[in-house]
1. Can you list residues whose amide H is under 5 Å from residue A:387's amide H, if they're 5+ apart or on another chain and H is modeled 1.01 Å from N?
2. If r is the Cβ-Cβ distance from residue A:414 to residue A:227 and R0 is 56 Å, what FRET efficiency results, to the nearest 0.05?
3. For the cross-link pairs B:84/B:194; A:18/A:269; A:18/A:740; A:18/A:247, which exceed 30 Å when the distance is taken from alpha carbon to alpha carbon?
4. Work out the FRET efficiency for residue A:71 and residue B:59 from their Cβ-Cβ distance, taking R0 = 41 Å, and round it to the nearest 0.05.
5. Divide, for region A:127-194, the radius of gyration over alpha carbons by 2.2 N^0.38 Å, where N is the residue count.
6. So what's the net charge close to residue A:401: Lys and Arg +1, Asp and Glu -1, counting the other residues with Cβ under 13 Å from its Cβ?
7. Return the ratio Rg/(2.2 N^0.38 Å) for region A:449-590, where Rg is computed over Cα atoms only.
8. In nm, to one decimal, how far is the residue A:664 label point from the residue A:263 one, both placed 7 Å along Cα→Cβ?
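Nothing in this text is a laboratory measurement; each read-out follows from the coordinates by a stated rule. Since this is a predicted model, take the numbers as computed values, not measurements. Methodologically, a virtual Cβ is constructed for each residue, glycine included, from the backbone with ideal geometry; neighbour enumeration extends over all protein chains shown.
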Amino acid sequence: MTNSPIGSTLNRVDGPDKVTGAARYAGDESPTGLVHGHLVLATIGNGTIRSMDTGAARDHTGVLEIYTPDNPLPLHGVPPGVAFYFSETRRPLSDHEVRYHGQIVGLVIAETPEQARDAAALITVDYERRPANASFRDNVDDAVVPEPTPLPMGLPITILADGVPSIDAALAASPVTVTATYTHPARHHNALEPHAAVATWDGDRLTIHSTTQAPAAHAIELAQAFAVPADHVHVVNPHVGGGFGGKAFTWGPTYLAAAAARRLGRPVKVVPTREQLHTTTGHRSAAHQTVTLGSSADGTLNAIRHLSVTQAIGEDPGTRLTMKAYATENLHVSLRVTTGLNVPTTTILRAPGEETGSFAIECAMDELAIELGLDPIELRTRNHLTHTLSPDPATRLPYSNKHLIECYRLGARRFGWDTRNPAPRSTLATGGWLVGTGMAGAVLNASRAFTAVRVSFRPDGTAAVATSTADLGTGMRTVLAIMGTDSLGIPVDRIRPLIGDSRLPVGPDAVYGAQGSAATATVAPVVRDAAADAVEELINHAVTEPRSPLHGRDGVRYTAGDLTDGATTIGFGDLLTTTGGTDVGATTTSGPVTPPSYAFASHAAHFCEVRVHRLTGEIRVSRMTTVVDAGTIVNEKTARNQIVGGVVWGIGPALFESAHVEPDTGRIANANFADYLVPVNADVPDVDVVFLDHPDTNFSPLGARGLGELGTVGSAAAVANAVHHATGIRVRDLPITPEKLLTTPTGQA
Amino acid sequence: MEDSTESEVSRRGFLARSAAVSAAVTVAGGAVPAGATTPVAAPPGAGPVEVTLRVNGGTHRLRVDPRATLLDTLRERLELTGTKKGCDRGQCGACTVHVDGRRVLSCLTLAASVPNRPVTTIEGLADGDRPHPMQQAFVDCDALQCGFCTPGQVMSAVAVVREGHTGSDEEIREFMSGNLCRCAAYPTIVAAVKQGGGR
């Protein structure tokens with residue numbers, strides 16, 4: 001019997017393919033007859049296309065076709081399901097209006113990438129220009145209450161204690177209040193792999209190698225656009241070069257690749273340039289949040305008011321974060337959204353709402369702690385949330401297996417928090433470096449969906465574990481291998497994880513694939529159920545198949561890859577070879593218990609040390625400790641990597657990341673990796689990650705909640721709080737760039 | 001490992017050539033926006049050029065577009081798709097390969113500019129079925145997530161060891177900072193460089 005590898009530190013099973021170049025990504029495909037597309041983008045932020053001169057481009061060697069609003073490609077309807085809310089609803093090239101700088105206005109198809117690219121540069125566009133309205137900040141005051149949608153976001157929520165007339169009254173009655181506004185710029189996923197698509201049609205059937213987090217949903221979205229049945233679209237994505245939400249939905253370049261391939265009758269590859277990705281695929285909304293906390297003198301929160309403005313309901317900090325953060329008798333969260341901005345489409349990005357919200361709330365808690373003269377951990381502990389916040393007390397559920405206080409305490413011990421001098425600007429190290437430490441808490445909703453997994457035994461002695469999700473670097477393949485070994489008792493190298501294909505099994509709730517930190521929590525428990533069903537099928541096969549040596553026997557059981565009745569024992573590979581060489585297995589759908597008796601969330605505590613140079617304002621993150629409460633850890637090695645990555649996804653927004661949108665044109669002036677700064681190796685210290693590993697068996701029998709986005713929640717606040725501690729300067733407008741620290745700290749000469 | 005004494009170039013010379021190539025690629029590469037008043041015409045005499053590429057020990061005689069980068073030629077002509085295009089501007093490092101035993105950005109290197117010079121890609125690093133120690137170190141240390149930057153990271157890591165820049169974690173971080181990892185597996189990349197370099 002092979003021991004269960006759950007909780008061990010198994011090497012990533014697709015590691016060897018990824019370090020040798022053997023792992024194939026969408027853009028690596030080059031089917032016979034392939035032609036290449038290059039996008040042409042608008043160079044104005046608002047206006048109408050009067051005409052386009054494509055003559056020189058058409059004459060360019062190798063050019064096959066040029067699609068423009070005057071020669072559009074048919075794309076039907078609007079994106080279905082939640083894609084309607086989180087992707088671009090207007091089909092590319094469907095009219096002559098330019099709504100934002102960098103909108104797709106043409107697609108050149110040529111025999112080679114060089115020909116397509118150069119021909120695209122020969123196209124000229126005559127525009128009727130209108131002034132662009134592209135400054136988020138200038139539109140904050142005019143933001144509006146969003147239209148209601150079926151999604152649980154965008155709606156105001158108010159909770160008031162008995163007899164309290166309003167949130168403002170609750171705040172006015174609070175002995176201590178702090179209020180501040182926190183702002184984020186727009187930001188971009190910038191996965192290293194561009195949104196590549198290689199589309200091939202056979203009649204009205206599409207095969208598309210496409211980088212997507214959700215092959216099944218991608219197939220549905222493409223089928224809608226091409227008015228074909230969903231099973232006529234075959235999405236193949238064995239490896240995905242990072243997603244972060246940016247590949248959860250289908251974007252213009254991919255639709256156009258498939259549309260051009262259909263029209264031309266040849267395979268088409270479209271890979272947008274890095275600059276083009278910034279506008280032709282979604283990005284994260286800018287955010288403007290005003291948080292007011294009211295507390296008693298001992299730090300017990302009495303009221304939280306969290307007013308947010310973003311570009312779309314997908315970025316709703318109050319609903320996503322504040323409702324799950326701290327206990328309070330009185331609470332109000334609301335969202336308003338800007339309208340009519342001439343900027344590209346927003347979408348979800350790693351921990352949408354939670355990341356922005358956690359920066360505001362966790363910084364505000366730091367500010368309140370300072371106001372009260374209380375340790376930030378003590379303030380958080382006093383306001384520990386044990387039940388969900390809800391306007392109707394009858395619907396409040398207890399949080400299941402919540403160990404956030406243990407995260408604080410263990411993290412404090414490992415980090416050395418207790419020796420901290422709480423006074424800001426109190427530590428000056430040699431070389432003129434101000435040293436500061438800060439902490440923050442983190443909460444991420446834990447969800448689990450119904451999905452389907454097929455487990456099948458094969459004549460070659462391997463077992464396939466198949467489901468239609470994707471591995472974006474999350475370690476999903478490794479999770480499936482581990483769960484297969486755990487369930488079937490055979491070594492990991494005999495498990496064949498199969499993902500990255502829209503034709504694999506998927507449950508109705510799980511078509512959106514690898515997102516929401518829910519993939520492992522959703523898929524892993526179902527592997528056990530599917531494995532049990534597959535074993536039953538295998539035993540049935542063994543006793544009913546005439547050629548089986550166990551034919552007609554009683555009491556046949558399965559153990560660690562073998563079938564036996566006590567007298568005869570045969571491995572399943574030999575059995576299936578003997579009986580005719582076909583696979584035997586089962587497809588099983590299962591999911592969470594409903595209605596739930598508990599609320600579920602993963603939690604963490606971050607501790608950060610920074611060094612800020614007192615003369616230059618240069619900021620170096622020198623240490624981080626993160627303690628994670630996410631239930632059972634299926635594979636510590638890949639989970640640790642996910643948390644470290646998440647934490648760095650907090651360092652990035654804290655210190656570097658910002659789209660520089662020119663207010664007058666809407667042009668993103670820094671749409672490249674030299675100017676849109678992301679953390680590099682030299683920016684990242686060793687990150688000390690600890691998993692509490694308390695299985696949450698109320699959540700699933702396996703007990704594993706999600707954690708993919710958890711590291712990102714709160715980590716930017718930990719950095720900002722540390723910067724404040726180092727310098728005495730509270731920066732509420734991200735990123736914290738050096739010039740914001742070249743000022744006199746509050747209260748200092 | 002290829003002979004690195006042949007066609008040795010100075011770093012200054014390499015940078016100058018890269019800059020020239022970069023400018024050429026930018027002009028030819030559609031950076032001139034649609035709507036610009038002076039479209040760039042194809043330069044005169046820009047027909048295909050003959051070049052002999054020596055890649056991973058094999059020799060390939062090709063007629064290439066003079067605008068074709070080494071990266072696109074590897075990927076689209078030689079089907080060596082392990083080398084990745086993350087930015088096509090020399091800003092991300094995903095396309096890192098070795099030319100004359102030194103790490104170069106293949107997106108800023110024209111194929112026609114490296115005739116007969118030994119090129120090693122990620123596919124050429126292993127010794128038959130035996131992975132290069134750096135490849136094994138990346139697996140062992142989990143120095144990757146999505147894997148898209150990984151070929152470039154591994155090629156840089158091998159070069160960093162060869163360059164002698166593994167004296168400390170800080171030095172490794174600095175000399176690996178030309179290779180972006182958006183998944184941010186940076187701490188394990190540092191660990192892998194140490195293991196793979198025998199430190």
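1. Result for residue A:387 returns A:399.
2. Numbers: r = 57 Å, r/R0 = 1.02.
Using R0 = 56 Å, I get an efficiency of 0.45.
3. Working: B:84/B:194 24 Å; A:18/A:269 22 Å; A:18/A:740 41 Å; A:18/A:247 20 Å.
Where the Cα-Cα span goes over 30 Å, the pairs concerned are A:18/A:740.
4. Values: r = 44 Å, r/R0 = 1.07.
Calculated value: 0.40.
5. Working: Rg = 19.5 Å, N = 68, 2.2 N^0.38 = 10.9 Å.
Computed over Cα atoms of region A:127-194, the ratio equals 1.78.
6. Details: positive: A:402, A:705; negative: A:406, A:629, A:693, A:696.
Result for the local shell: -2.
7. Working: Rg = 15.4 Å, N = 142, 2.2 N^0.38 = 14.5 Å.
For region A:449-590, the normalised Cα radius of gyration comes out at 1.06.
8. 3.6 nm
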